Amino acid sequence: MSNQNEHHEPSHKPPGRKEMSRRQFLTYTLGGATAYMAAGAVLPMVRFAVDPILHKKGEGEFIKVVEESKITDEPQEFSFELKQQDGWYASTATLTAWIRKDEQGKIYALSPICKHLGCTVGWNNDKSFPDEYHCPCHGARYTKEGKNLAVAPKPLDTYKLKIENGWVYLGGVEPNTEVK
Amino acid sequence: MFKNVYNWIDERLDVTPIWRDVADHEVPEHVNPAHHFSAFVYCFGGLTFFITVIQILSGMFLTMYYVPDIINAYASVEYLQTKVAFGQIVRGMHHWGASLVIVMMFLHTMRVFFTGSYKAPREMNWVVGMLIFFIMLGLGLTGYLLPWDNKAYFATKVTLEIANSVPWLGPIIKEFLQGGTIVGAETLTRFFALHVFFLPAVLLILLVGHFIMIRRQGISGPL
C-alpha cells in the first residue's frame with residue numbers, strides 16, 4: 001500500500017518546519033485505529049475477568065451463636081453457620097469460635113485460624129503446654145487471650161461481637177487489638 | 001520508547017526478518033478494495049480469521065466462570081451473564097461471533113468458488129478449507145450444548161439422532177459423542193472437552209496450513 005506513496009513525495013522539502021511524513025502519519029493513524037478496536041474487544045473481557053476483585057464485599061452480618069449465660073472463664077468452642085454465596089453456589093459454612101469472658105466479665109471470641117499458616121488451633125490440646133491454644137501443624141502456641149507465644153507472628157484474630165437480649169452474636173473476623 | 005525496546009531486542013535476536021516475512025507482501029491490485037471496490041469480497045477470509053480470534057479470546061474468558069457440569073452449568077452461565085460486569089457483552093461476543101464465523105466462512109467459500117480459486121495449484125488449500133469448515137461446524141455444535149438449557153439439550157438430542165443415522169457406524173458415533181446411552185453428565189463434559197481443547201487444537205493446525213499455503217502460492221489471479 002505504502003509503496004505507491006513514495007512516488008508522490010516532493011523531491012525536496014521546504015526547510016525549517018519539521019513535517020510529519022505521510023508514512024509516519026499513516027502509521028500513527030492505522031496504529032491508533034487498530035489499538036482502539038483491539039481495546040474495544042479486549043477491555044470488556046478484562047473487566048469481566050477482574051469482576052471478583054471489584055465486587056463489594058458483603059458486610060459480615062451478625063449471627064446468633066450462644067446464650068450469654070453459658071460463657072465461662074474457660075474458653076469454650078462454639079460453632080455457628082454462615083450462609084455464603086460463592087458465585088452461583090450457595091452454601092452454609094460452619095465456623096467455630098473460642099469464646100470466654102475475662103476477669104472483668106468482658107466476653108470475647110477468638111478465631112481458631114492459626115496466624116502462622118492457617119491451620120486450626122485447639123484449646124488445651126497439648127499436654128506439655130496446659131491452658132494454651134496449640135496448633136497441631138507447626139506447634140504454634142497462644143495464650144488464653146490469643147497472644148502468640150511461639151511460631152505464629154501475630155495473635156489470634158477476634159470476631160466482632162455484640163450482645164443482645166442475653167445472646168452472643170458474632171460478626172466478621174478482625175485483627176486482635178486486645179493483646180500485643 | 002517502544003522503538004528503543006524493539007531495537008534492543010532486534011540487535012540481539014534479529015527479529016525483523018521474521019515478521020517482515022510474515023507481514024510484508026504484495027497485495028495484488030485486483031484484491032485491493034482501494035482500486036476496485038468490488039474486491040471487498042476478498043476480505044471475507046481475513047474477517048473469518050478476525051472473528052475466530054475474537055471467539056478464542058472471549059471463549060478463554062468465559063471459561064473463568066463456566067463449569068461443564070449438569071448441576072452447575074446453567075447456573076454458572078446465568079451468573080456470568082447477569083451478575084458479572086460485561087458478562088452479557090463477553091458471552092454476547094462469543095454467541096453472536098459463532099454465527100458470524102459461519103456466515104463469513106460461507107461468504108469466503110463462495111468467493112473462492114466463484115473466482116475459481118480452488119483450481120490447480122490450490123486444490124489442497126480448498127480441501128484444508130473444507131476441513132476447517134467442518135471443524136467450525138463441530139465447534140458450533142459442541143458449544144451449543146454447553147449452556148445446558150432446554151434448547152441446548154434438545155438440539156443435541158437431534159444432532160445425535162442425525163449422527164445415529166450414519167450407515168453402519170451411526171450408533172457407535174452417537175454413543176461416543178454421547179459418552180453413554182443418554183444425553184447427560186458425560187455428554188456435557190465430553191462436548192466441553194471437544195469444544196475447548198480438541199477442536200480448537202485441530203482448527204489452529206489447519207489454519208496454519210491454510211495460511212502457509214496461501215503465502216506459498218499467492219492469491220489467485222484476476223478473473
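Points to keep in mind about this one:
- When the range B:84-119 is filtered for residues that are farther than 30 Å from B:GLY184 by Cα and in a helix (DSSP H, G or I), the ones remaining, listed by number, are B:VAL103, B:MET104, B:MET105, B:PHE106, B:LEU107, B:HIS108, B:THR109, B:MET110, B:ARG111, B:VAL112, B:PHE113, B:PHE114.
- Check on B:GLY140, in a helix (DSSP H, G or I), free of Cβ contacts under 8 Å to residues at least 60 places away in the same chain, closer than 27 Å to B:THR159 by Cβ and facing chain A (nearest Cβ under 10 Å): no
- Residue in the range B:4-22 that is among the aromatic types (Phe, Trp, Tyr), assigned to a helix (DSSP H, G or I) and in contact (Cβ under 8 Å) with a residue 12 or more places away in the chain present: no
- Total residues in the range A:104-124, condition surrounded by 13 or more Cβ atoms within 10 Å (Cβ to Cβ) and more than 20 Å from A:GLY172 (Cβ to Cβ): 5
- Selection status of A:LEU156, part of a strand (DSSP E or B) and crowded, with 17+ Cβ neighbours inside 10 Å: no
Rundown of residues vs (1) under 23 Å from the mean Cα position of the chain (by Cα); (2) more than 14 Å from every other protein chain (Cβ to nearest Cβ), yes/no style:
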position	(1), (2)
B:TYR66	yes, no
B:TYR74	no, no
B:HIS95	yes, no
B:MET104	yes, yes
B:GLY116	no, yes
B:LYS119	no, yes
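- Filtering the range B:23-70 to residues that are among the polar types (S, T, N, Q) and either closer than 30 Å to B:TRP148 by Cβ or touching a residue at least 60 places away in the same chain (Cβ under 8 Å) (or both) leaves B:THR48, B:THR52, B:GLN55, B:SER58, B:THR63.
- Only one entry of A:GLY146, A:GLY172 meets the criterion of being part of a loop (DSSP other than H, G, I, E, B) and in contact (Cβ under 8 Å) with a residue 24 or more places away in the chain, and that entry is A:GLY146.
- Odd one out for B:PRO68 among (1) under 30 Å from B:LEU223 (Cα atoms); (2) modelled with pLDDT of 95 or more: (1)
- Of the criteria (1) over 28 Å from B:ILE132 (Cβ atoms); (2) at the interface with chain A (Cβ under 8 Å from one of its Cβ atoms); (3) assigned to a helix (DSSP H, G or I), which one B:GLN81 fails: (2)
- Some residue of the range B:195-215 being at positive phi, of a type outside the set (A, V, I, L, M) and in contact with a helix residue (DSSP H, G or I) (Cβ under 8 Å, 6 or more places away or on another chain): no
- Residue ID - farthest from the other protein chains (Cβ to nearest Cβ), chosen from residues in the range A:38-64 that are farther than 21 Å from B:ALA85 by Cβ and loosely packed, with under 14 Cβ neighbours inside 10 Å: A:LYS64
- Options A:GLN85, A:GLN104: the member that is over 30 Å from B:ILE54 (Cα atoms), within 14 Å of chain B (Cβ to nearest Cβ) and not in a helix (DSSP H, G or I): A:GLN85
- Note on the range A:147-177: residues that are under 19 Å from A:VAL121 (Cα atoms) and touching a Lys or Arg at 6+ places or on another chain (Cβ under 9 Å) total 17.
- Selected residue (only one of B:GLN88, B:GLN55 is farther than 23 Å from B:SER117 by Cα and more than 10 Å from chain A (Cβ to nearest Cβ)): B:GLN55
- Scanning the range B:77-131 for residues that are in contact (Cβ under 8 Å) with a residue 60 or more places away in the chain and hydroxyl-bearing (Ser, Thr, Tyr) gives B:THR115, B:SER117.
- Only one of A:GLU74, A:GLU67, A:GLU132 that is surrounded by 13 or more Cβ atoms within 10 Å (Cβ to Cβ) and either within 14 Å of another protein chain (Cβ to nearest Cβ) or of a type in the set (Asp, Glu) (or both): A:GLU132
- In the range A:149-175, the residues that are within 19 Å of A:THR96 (Cα to Cα) and polar (S, T, N, Q): A:THR158
- Taking the criterion of being of a type in the set (D, E, K, R) and either within 12 Å of chain A (Cβ to nearest Cβ) or under 21 Å from B:GLY116 (Cα atoms) (or both), the residues of the range B:9-44 that qualify are B:ASP24, B:GLU26, B:GLU29.
- The one condition from (1) modelled with pLDDT of 90 or more; (2) within 25 Å of the chain's Cα centre (by Cα); (3) on the phi < 0 side of the Ramachandran plot that A:GLY118 does not meet is (3).
The values are calculated or read from the model by the stated rules, or taken from the named source; none is laboratory data. The structure presented is a predicted model; accordingly, all values stated were derived computationally and were not measured. When we count neighbours, we look across all protein chains shown, and the Cβ atoms used for this are built from the backbone with ideal geometry, even at glycine.
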